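Undergrad: Have a look at this one.
Just so you know, all these numbers are worked out from the coordinates, no wet-lab data involved. Owing to the predicted nature of the structure, the values given are computational and were not obtained by experimental measurement. Here the Cβ positions follow ideal geometry from the backbone for every residue, glycine too, while neighbour counts run over all protein chains shown.
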Amino acid sequence: MTTVAITNSATPAINRSYNPETSSCSSCSLPGELWTTPEGRHVLLDSNNPMAPLRAGDVPAGYGWTVADHHAHPVPDGTASEVPCQVDHILVCPCRPTTLLSQALLERRLLNKARLYCAQELFDEGRAETAD
């Protein structure tokens with residue numbers, strides 16, 4: 001796994017922040033996929049991007065998930081690095097401190113930052129139009 005800039009240690013996978021009514025992140029407001037684990041906990045997964053799929057080898061332990069049987073299941077330790085998975089949004093949220101990221105996760109985080117910037121521009125344009 002290639003790693004990039006460390007500014008903070010990874011946040012424990014249990015510490016999540018989401019809005020259950022909109023299935024969006026409480027920090028950046030970007031939409032995600034809110035799933036329930038078999039134990040009844042909720043996890044906000046980053047929107048699955050078919051153009052840039054993630055593999056288990058790209059995601060640190062505790063942050064990779066697979067969806068099956070209407071639940072999110074953690075990727076087990078020792079899973080082959082090429083197995084497709086989804087990532088906990090908290091790891092690639094553009095409004096949270098940067099952690100130890102693989103190149104694939106850094107690219108996903110930058111994509112989310114661009115999505116956030118575009119959403120803010122659209123919001124600002126809409127506000128300007130209503131003020132006229």
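Undergrad: Under the 0.36 nm per residue contour assumption, what length would be gained going from the current alpha-carbon distance of A68 and T37 to full extension?
TA: Here the segment from A68 to T37 would lengthen by 10.2 nm.
Undergrad: Please compute the modelled spin-label separation between K113 and N48, points set 7 Å along Cα→Cβ, answer in nm with one decimal.
TA: My value for the distance between the label points is 2.7 nm.
Undergrad: Subtracting the Cα-Cα distance from 0.36 nm times the residue separation, let me have the gained length for N19 to L100 in nm, one decimal.
TA: Extra length from N19 to L100 when fully extended: 26.6 nm.
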